[in-house]
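> The structure is given below, and queries will be raised subsequently.
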Amino acid sequence: MRRIGLFGPRRIFGPRRTRSTSLYGFAAIAAAAIGCLPATADAQGYAEVGAGEIRAVSLKSGQAVSPNALETGDQAVIENGNGLVSFAGYDVDLDNVSGAMGYSSAAAYVIVASGAASAAGETARAGEILILMPRGEGAAAQFYDAGRYAGSWDEASISAHPAVYEQLDAVAGRQKWKIFFGRLGTTSFNIAAPGSAHAETARRSIVGDATVRDIRFSGVSDGVEIERSVVRTFTDALSSGDVRTVAELLDPTPYGGANMSGQAAAARQMVAERMVDQEQWSSLVAGREFTRTADAGVWQAATPAGEIVIRLTYANDFIFVSNIKRGI
(Lines give C-alpha, C1' and ligand atoms only; values in the text may rest on other atoms or scores of the structure.)
Protein backbone atom coordinates (compact mmCIF):
# COMPACT_ATOMS: atom_id res chain seq x y z
CA MET A 1 0.00 0.00 0.00
CA ARG A 2 1.30 3.43 -0.89
CA ARG A 3 2.08 5.55 2.16
CA ILE A 4 0.44 8.92 1.92
CA GLY A 5 0.62 12.09 3.88
CA LEU A 6 -1.65 14.46 5.68
CA PHE A 7 -5.36 14.32 6.03
CA GLY A 8 -7.34 15.95 3.28
CA PRO A 9 -10.81 17.06 2.31
CA ARG A 10 -12.68 14.65 4.63
CA ARG A 11 -10.58 15.62 7.60
CA ILE A 12 -13.46 16.90 9.80
CA PHE A 13 -16.60 15.09 10.92
CA GLY A 14 -19.09 16.71 13.28
CA PRO A 15 -18.32 20.16 14.73
CA ARG A 16 -16.27 22.06 12.20
CA ARG A 17 -13.35 24.39 12.82
CA THR A 18 -12.57 27.19 10.39
CA ARG A 19 -9.40 26.79 8.37
CA SER A 20 -7.65 29.45 6.27
CA THR A 21 -7.23 28.59 2.60
CA SER A 22 -3.62 27.75 1.84
CA LEU A 23 -1.72 26.25 -1.06
CA TYR A 24 0.15 24.19 1.50
CA GLY A 25 -2.93 23.29 3.52
CA PHE A 26 -2.90 19.51 3.53
CA ALA A 27 0.61 18.95 4.82
CA ALA A 28 2.52 15.91 5.93
CA ILE A 29 5.80 16.18 7.79
CA ALA A 30 8.24 13.31 7.44
CA ALA A 31 11.75 13.90 8.73
CA ALA A 32 13.14 11.07 6.63
CA ALA A 33 11.84 12.75 3.49
CA ILE A 34 13.66 16.01 4.12
CA GLY A 35 17.01 14.74 5.26
CA CYS A 36 16.91 15.31 9.02
CA LEU A 37 19.56 13.35 10.86
CA PRO A 38 18.71 11.74 14.21
CA ALA A 39 19.44 13.57 17.42
CA THR A 40 22.01 12.04 19.73
CA ALA A 41 20.59 10.20 22.69
CA ASP A 42 22.08 12.64 25.20
CA ALA A 43 20.97 15.81 23.40
CA GLN A 44 19.88 18.39 25.95
CA GLY A 45 19.73 22.13 26.35
CA TYR A 46 17.52 25.15 26.31
CA ALA A 47 17.50 27.85 23.68
CA GLU A 48 16.30 31.33 24.57
CA VAL A 49 13.91 32.54 21.91
CA GLY A 50 11.90 35.76 22.02
CA ALA A 51 10.42 36.44 25.43
CA GLY A 52 10.28 32.79 26.43
CA GLU A 53 12.74 30.03 27.07
CA ILE A 54 11.88 26.79 25.31
CA ARG A 55 13.65 23.50 25.01
CA ALA A 56 14.73 23.34 21.37
CA VAL A 57 17.11 20.68 20.10
CA SER A 58 18.18 20.29 16.48
CA LEU A 59 17.37 16.89 14.99
CA LYS A 60 20.36 17.30 12.70
CA SER A 61 23.05 18.15 15.26
CA GLY A 62 21.48 17.13 18.56
CA GLN A 63 22.47 20.52 20.00
CA ALA A 64 20.39 23.27 21.62
CA VAL A 65 19.36 25.77 18.97
CA SER A 66 17.12 28.74 18.34
CA PRO A 67 14.43 27.65 15.83
CA ASN A 68 15.17 30.81 13.82
CA ALA A 69 18.78 29.67 13.41
CA LEU A 70 17.86 26.26 11.98
CA GLU A 71 19.10 25.30 8.57
CA THR A 72 16.28 24.94 6.06
CA GLY A 73 15.26 21.29 6.22
CA ASP A 74 16.34 20.76 9.82
CA GLN A 75 13.84 20.59 12.69
CA ALA A 76 14.01 21.69 16.32
CA VAL A 77 12.24 19.42 18.78
CA ILE A 78 10.57 21.40 21.57
CA GLU A 79 9.22 20.18 24.88
CA ASN A 80 6.63 22.00 26.98
CA GLY A 81 7.27 25.33 25.27
CA ASN A 82 5.43 28.31 26.69
CA GLY A 83 5.26 31.99 25.89
CA LEU A 84 5.45 34.30 22.91
CA VAL A 85 8.16 33.26 20.45
CA SER A 86 9.31 35.22 17.41
CA PHE A 87 9.60 32.68 14.59
CA ALA A 88 9.64 33.10 10.81
CA GLY A 89 8.41 36.69 11.05
CA TYR A 90 5.44 35.82 13.26
CA ASP A 91 4.71 36.09 16.96
CA VAL A 92 3.90 32.49 17.83
CA ASP A 93 2.14 31.93 21.14
CA LEU A 94 3.08 28.55 22.61
CA ASP A 95 0.81 27.04 25.23
CA ASN A 96 2.67 24.06 26.73
CA VAL A 97 3.66 22.85 23.26
CA SER A 98 5.67 19.73 22.61
CA GLY A 99 6.48 18.93 19.01
CA ALA A 100 8.86 20.40 16.44
CA MET A 101 9.55 23.57 14.50
CA GLY A 102 11.23 23.94 11.13
CA TYR A 103 11.53 25.48 7.68
CA SER A 104 11.05 24.07 4.21
CA SER A 105 11.60 26.14 1.08
CA ALA A 106 7.86 26.80 0.95
CA ALA A 107 6.91 27.60 4.54
CA ALA A 108 7.85 27.52 8.19
CA TYR A 109 5.86 25.28 10.50
CA VAL A 110 5.17 24.19 14.07
CA ILE A 111 4.21 20.53 14.53
CA VAL A 112 2.04 20.19 17.63
CA ALA A 113 2.09 16.86 19.47
CA SER A 114 0.54 18.37 22.60
CA GLY A 115 -0.54 21.83 23.71
CA ALA A 116 -1.48 24.62 21.30
CA ALA A 117 0.41 27.02 19.03
CA SER A 118 -1.17 30.22 17.71
CA ALA A 119 -0.16 32.88 15.20
CA ALA A 120 -1.93 35.34 12.90
CA GLY A 121 -5.34 34.32 14.19
CA GLU A 122 -4.85 30.58 13.67
CA THR A 123 -4.40 27.93 16.36
CA ALA A 124 -2.99 24.43 15.94
CA ARG A 125 -3.66 21.87 18.65
CA ALA A 126 -2.44 18.32 19.23
CA GLY A 127 -2.33 16.48 15.91
CA GLU A 128 -2.21 19.69 13.89
CA ILE A 129 0.52 21.71 12.22
CA LEU A 130 0.69 25.50 12.19
CA ILE A 131 1.91 26.55 8.75
CA LEU A 132 3.55 29.99 8.49
CA MET A 133 3.74 31.45 5.00
CA PRO A 134 6.58 33.70 3.79
CA ARG A 135 6.21 37.47 3.42
CA GLY A 136 3.78 37.60 6.30
CA GLU A 137 1.05 36.11 4.09
CA GLY A 138 -0.64 34.41 7.00
CA ALA A 139 -0.93 31.14 8.85
CA ALA A 140 -3.01 28.00 8.49
CA ALA A 141 -3.66 25.12 10.88
CA GLN A 142 -4.08 21.66 9.36
CA PHE A 143 -3.93 18.06 10.45
CA TYR A 144 -0.70 16.12 9.85
CA ASP A 145 -0.05 12.39 9.66
CA ALA A 146 1.33 11.73 13.15
CA GLY A 147 1.87 8.04 12.44
CA ARG A 148 4.04 8.72 9.41
CA TYR A 149 5.97 11.43 11.21
CA ALA A 150 6.58 9.35 14.35
CA GLY A 151 7.53 6.42 12.14
CA SER A 152 10.35 8.50 10.61
CA TRP A 153 12.09 8.82 13.98
CA ASP A 154 14.93 6.37 14.59
CA GLU A 155 15.91 4.89 17.94
CA ALA A 156 18.39 7.67 18.75
CA SER A 157 15.74 10.35 18.20
CA ILE A 158 13.23 8.43 20.27
CA SER A 159 15.74 8.02 23.11
CA ALA A 160 16.62 11.72 22.98
CA HIS A 161 12.98 12.87 23.12
CA PRO A 162 10.85 10.05 24.61
CA ALA A 163 8.08 12.31 25.91
CA VAL A 164 7.53 13.98 22.53
CA TYR A 165 7.60 10.63 20.76
CA GLU A 166 5.00 9.19 23.15
CA GLN A 167 2.73 12.17 22.49
CA LEU A 168 3.13 11.75 18.72
CA ASP A 169 2.35 8.05 19.07
CA ALA A 170 -0.78 8.85 21.08
CA VAL A 171 -1.95 11.30 18.42
CA ALA A 172 -1.31 8.67 15.75
CA GLY A 173 -3.45 6.18 17.67
CA ARG A 174 -6.38 8.59 17.78
CA GLN A 175 -6.02 9.43 14.11
CA LYS A 176 -5.95 5.75 13.18
CA TRP A 177 -9.46 5.23 14.54
CA LYS A 178 -10.79 8.34 12.82
CA ILE A 179 -9.41 7.07 9.52
CA PHE A 180 -10.96 3.65 10.15
CA PHE A 181 -14.39 5.16 10.76
CA GLY A 182 -14.11 7.48 7.79
CA ARG A 183 -13.83 10.69 9.76
CA LEU A 184 -10.47 11.53 8.19
CA GLY A 185 -9.23 11.21 4.63
CA THR A 186 -5.65 11.38 3.43
CA THR A 187 -3.52 13.24 0.91
CA SER A 188 0.08 12.75 -0.18
CA PHE A 189 1.08 16.42 0.15
CA ASN A 190 4.21 17.04 2.24
CA ILE A 191 4.86 20.61 3.42
CA ALA A 192 8.45 19.69 4.24
CA ALA A 193 9.15 18.67 0.64
CA PRO A 194 6.48 20.03 -1.74
CA GLY A 195 6.63 18.20 -5.05
CA SER A 196 9.42 15.78 -4.22
CA ALA A 197 12.52 15.49 -2.08
CA HIS A 198 14.67 16.16 -5.16
CA ALA A 199 12.72 19.31 -6.06
CA GLU A 200 12.89 20.51 -2.46
CA THR A 201 16.67 20.05 -2.33
CA ALA A 202 17.05 22.07 -5.54
CA ARG A 203 14.71 24.81 -4.39
CA ARG A 204 16.45 25.03 -1.03
CA SER A 205 19.71 25.79 -2.81
CA ILE A 206 18.06 28.94 -4.23
CA VAL A 207 15.76 30.28 -1.50
CA GLY A 208 16.78 28.19 1.52
CA ASP A 209 20.06 29.91 2.38
CA ALA A 210 19.98 32.12 5.47
CA THR A 211 20.26 35.42 3.57
CA VAL A 212 17.25 34.86 1.33
CA ARG A 213 15.21 33.01 3.95
CA ASP A 214 15.63 35.75 6.55
CA ILE A 215 14.18 38.29 4.12
CA ARG A 216 11.35 36.01 2.97
CA PHE A 217 10.40 35.23 6.57
CA SER A 218 10.96 38.69 8.03
CA GLY A 219 7.21 39.32 8.17
CA VAL A 220 7.49 42.10 5.58
CA SER A 221 4.80 41.81 2.90
CA ASP A 222 5.13 45.09 0.98
CA GLY A 223 6.96 44.50 -2.31
CA VAL A 224 8.86 47.78 -2.27
CA GLU A 225 10.04 47.18 1.29
CA ILE A 226 11.22 43.70 0.34
CA GLU A 227 13.20 45.23 -2.54
CA ARG A 228 14.64 47.79 -0.13
CA SER A 229 15.71 45.01 2.22
CA VAL A 230 17.41 43.14 -0.65
CA VAL A 231 19.26 46.29 -1.77
CA ARG A 232 20.36 47.15 1.77
CA THR A 233 21.54 43.61 2.52
CA PHE A 234 23.38 43.43 -0.82
CA THR A 235 25.17 46.79 -0.43
CA ASP A 236 26.08 46.03 3.18
CA ALA A 237 27.62 42.76 2.01
CA LEU A 238 29.55 44.50 -0.77
CA SER A 239 30.87 47.09 1.70
CA SER A 240 32.04 44.47 4.17
CA GLY A 241 33.41 42.05 1.57
CA ASP A 242 30.87 39.35 2.46
CA VAL A 243 31.15 37.24 -0.69
CA ARG A 244 28.75 34.53 0.48
CA THR A 245 25.88 36.96 1.05
CA VAL A 246 26.54 38.71 -2.27
CA ALA A 247 26.43 35.33 -4.05
CA GLU A 248 23.19 34.27 -2.36
CA LEU A 249 21.47 37.45 -3.57
CA LEU A 250 22.63 37.23 -7.20
CA ASP A 251 20.02 36.24 -9.76
CA PRO A 252 20.31 32.43 -10.19
CA THR A 253 18.96 32.50 -13.77
CA PRO A 254 22.34 32.86 -15.55
CA TYR A 255 23.57 29.77 -13.70
CA GLY A 256 20.69 27.53 -14.69
CA GLY A 257 18.12 28.89 -12.29
CA ALA A 258 16.84 25.52 -11.09
CA ASN A 259 19.57 24.31 -8.76
CA MET A 260 22.38 26.32 -7.17
CA SER A 261 24.52 23.38 -6.05
CA GLY A 262 27.71 22.01 -7.56
CA GLN A 263 29.14 23.90 -10.54
CA ALA A 264 26.28 26.41 -10.58
CA ALA A 265 27.04 27.45 -7.00
CA ALA A 266 30.77 27.64 -7.75
CA ALA A 267 30.16 29.87 -10.79
CA ARG A 268 27.91 32.24 -8.87
CA GLN A 269 30.44 32.37 -6.03
CA MET A 270 33.20 33.27 -8.50
CA VAL A 271 31.13 36.10 -9.96
CA ALA A 272 30.42 37.38 -6.45
CA GLU A 273 34.14 37.37 -5.64
CA ARG A 274 34.94 39.40 -8.75
CA MET A 275 32.10 41.79 -8.01
CA VAL A 276 33.35 42.40 -4.47
CA ASP A 277 36.89 43.02 -5.74
CA GLN A 278 36.06 45.27 -8.67
CA GLU A 279 35.34 48.45 -6.66
CA GLN A 280 36.06 50.06 -3.32
CA TRP A 281 32.49 49.48 -2.30
CA SER A 282 32.97 50.64 1.27
CA SER A 283 33.57 54.19 -0.01
CA LEU A 284 30.85 54.01 -2.65
CA VAL A 285 27.79 52.41 -1.07
CA ALA A 286 28.41 52.09 2.67
CA GLY A 287 25.67 54.00 4.45
CA ARG A 288 24.13 55.21 1.17
CA GLU A 289 20.37 55.42 0.95
CA PHE A 290 19.18 53.95 -2.34
CA THR A 291 15.86 55.10 -3.75
CA ARG A 292 13.54 53.30 -6.14
CA THR A 293 13.19 54.86 -9.57
CA ALA A 294 10.11 54.98 -11.80
CA ASP A 295 11.42 51.84 -13.50
CA ALA A 296 10.36 48.70 -11.69
CA GLY A 297 13.17 46.99 -9.84
CA VAL A 298 15.70 49.77 -10.39
CA TRP A 299 17.32 51.45 -7.37
CA GLN A 300 19.89 54.22 -7.41
CA ALA A 301 22.07 56.35 -5.15
CA ALA A 302 24.25 59.39 -5.83
CA THR A 303 27.89 59.10 -4.74
CA PRO A 304 30.96 61.32 -5.14
CA ALA A 305 32.12 58.91 -7.86
CA GLY A 306 28.84 59.05 -9.73
CA GLU A 307 25.46 57.38 -9.69
CA ILE A 308 25.25 53.73 -8.61
CA VAL A 309 22.37 51.72 -10.06
CA ILE A 310 21.13 48.34 -8.85
CA ARG A 311 18.73 46.33 -10.99
CA LEU A 312 16.57 43.68 -9.38
CA THR A 313 14.74 40.77 -10.96
CA TYR A 314 12.07 38.33 -9.81
CA ALA A 315 12.91 34.63 -9.94
CA ASN A 316 11.94 31.54 -7.95
CA ASP A 317 9.52 33.41 -5.68
CA PHE A 318 12.10 35.98 -4.62
CA ILE A 319 13.69 39.25 -5.70
CA PHE A 320 17.36 38.89 -6.64
CA VAL A 321 20.04 41.31 -7.81
CA SER A 322 20.53 41.28 -11.57
CA ASN A 323 23.46 43.72 -11.66
CA ILE A 324 25.05 46.78 -10.10
CA LYS A 325 26.88 49.45 -12.06
CA ARG A 326 27.59 53.14 -12.38
CA GLY A 327 25.08 55.09 -14.38
CA ILE A 328 21.97 53.88 -16.15
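> What number goes with the only condition from (1) surrounded by 24 or more Cβ atoms within 10 Å (Cβ to Cβ); (2) touching a helix residue (DSSP H, G or I) at 6+ places or on another chain (Cβ under 9 Å); (3) at pLDDT below 90; (4) within 16 Å of M133 (Cα to Cα) that N68 does not pass?
With respect to (1) surrounded by 24 or more Cβ atoms within 10 Å (Cβ to Cβ); (2) touching a helix residue (DSSP H, G or I) at 6+ places or on another chain (Cβ under 9 Å); (3) at pLDDT below 90; (4) within 16 Å of M133 (Cα to Cα), N68 is out only on (1).
> Could you give me the residue pairs with C-beta distances under 8 Å whose first residue belongs to region 114-137 and is farther than 30 Å from E227 by Cβ, whose second residue is among the β-branched types (V, I, T) and surrounded by fewer than 20 Cβ atoms within 10 Å (Cβ to Cβ) wherever it lies, and which are 6+ apart or on separate chains?
Once the first residue is farther than 30 Å from E227 by Cβ and sits in region 114-137, its partners that are among the β-branched types (V, I, T) and surrounded by fewer than 20 Cβ atoms within 10 Å (Cβ to Cβ) give A116/T123; A117/T123.
> Looking only at region 184-217, count how many residues are among the aliphatic types (A, V, I, L, M) and farther than 29 Å from F234 by Cβ.
Of the residues in region 184-217, the ones among the aliphatic types (A, V, I, L, M) are 184, 191-193, 197, 199, 202, 206-207, 210, 212, 215.
From what's left, farther than 29 Å from F234 by Cβ: 184, 191-193, 197.
Selection size over region 184-217: 5.
> Would you confirm whether any residue within region 125-136 is of a type in the set (V, I, T), in contact with a strand residue (DSSP E or B) (Cβ under 8 Å, 6 or more places away or on another chain), buried (at least 21 other Cβ atoms within 10 Å of the Cβ) and not in a loop (DSSP other than H, G, I, E, B)? Steps first, please.
To start, the set of residues in region 125-136 that are of a type in the set (V, I, T) comprises 129, 131.
Filter once more, keeping what is in contact with a strand residue (DSSP E or B) (Cβ under 8 Å, 6 or more places away or on another chain): 129, 131.
Retained after the next criterion (residues that are buried (at least 21 other Cβ atoms within 10 Å of the Cβ)): 129, 131.
Right, trim to not in a loop (DSSP other than H, G, I, E, B) and you get 129, 131.
Within region 125-136, one or more residues are of a type in the set (V, I, T), in contact with a strand residue (DSSP E or B) (Cβ under 8 Å, 6 or more places away or on another chain), buried (at least 21 other Cβ atoms within 10 Å of the Cβ) and not in a loop (DSSP other than H, G, I, E, B).
> Scan region 55-70 residue by residue and report those that are touching a residue at least 40 places away in the same chain (Cβ under 8 Å) and not hydrophobic (A, V, I, L, M, F, W, C).
Residues of region 55-70 touching a residue at least 40 places away in the same chain (Cβ under 8 Å): 56-57, 59, 62.
G62, the sole residue that qualifies.
> So which residues in region 284-295 are out of contact with any strand residue (DSSP E or B) (no Cβ under 8 Å at 6 or more places or on another chain) and either modelled with pLDDT of 90 or more or assigned to a helix (DSSP H, G or I) (or both)?
A294, D295
> Hey, another quick one. Pairs please, first residue from region 139-157 and in contact (Cβ under 8 Å) with a residue 24 or more places away in the chain and within 25 Å of V92 (Cα to Cα), second anywhere and surrounded by 24 or more Cβ atoms within 10 Å (Cβ to Cβ) and basic (K, R), Cβ atoms under 9 Å, 6+ apart in sequence or on different chains.
Here the result reads none, with nothing in region 139-157 linked to a residue that is surrounded by 24 or more Cβ atoms within 10 Å (Cβ to Cβ) and basic (K, R).
> Could you please give the count of residues in region 296-328 that are farther than 22 Å from A247 by Cβ, in contact with a helix residue (DSSP H, G or I) (Cβ under 7 Å, 6 or more places away or on another chain) and not in a loop (DSSP other than H, G, I, E, B)?
Qualifying residue count for the region: 1.
> While we're on this one: Mind checking which residues of region 221-262 are in a loop (DSSP other than H, G, I, E, B) and either on the phi < 0 side of the Ramachandran plot or in contact with a strand residue (DSSP E or B) (Cβ under 9 Å, 6 or more places away or on another chain) (or both)? Steps first, please.
Filtering region 221-262 down to residues in a loop (DSSP other than H, G, I, E, B) leaves 221-222, 241-242, 251-252, 256-262.
Those that are in a loop (DSSP other than H, G, I, E, B) and either on the phi < 0 side of the Ramachandran plot or in contact with a strand residue (DSSP E or B) (Cβ under 9 Å, 6 or more places away or on another chain) (or both): S221, D222, D242, D251, P252, G257, A258, N259, M260, S261.
> Of the residues G45, G99, G35, only one is within 20 Å of E155 (Cα to Cα), assigned by TED's automatic domain parsing to the domain that holds F189 and modelled with pLDDT of 90 or more; which? Walk me through it before giving the result.
Working: G45 fails: modelled with pLDDT of 90 or more; G35 fails: modelled with pLDDT of 90 or more.
Exactly one residue qualifies, and that residue is G99.
> Among the residues of region 269-285, is any assigned by TED's automatic domain parsing to the domain that holds T245, surrounded by 14 or more Cβ atoms within 10 Å (Cβ to Cβ), over 18 Å from V207 (Cβ atoms) and among the basic types (K, R)?
Among the residues of region 269-285, not one is assigned by TED's automatic domain parsing to the domain that holds T245, surrounded by 14 or more Cβ atoms within 10 Å (Cβ to Cβ), over 18 Å from V207 (Cβ atoms) and among the basic types (K, R), which makes the answer no.
The values are calculated or read from the model by the stated rules, or taken from the named source; none is laboratory data. Quick caveat: nothing in here was measured; it's all calculated off a predicted structure. Backbone-built Cβ (ideal geometry, glycine too); neighbour counts: all protein chains shown.
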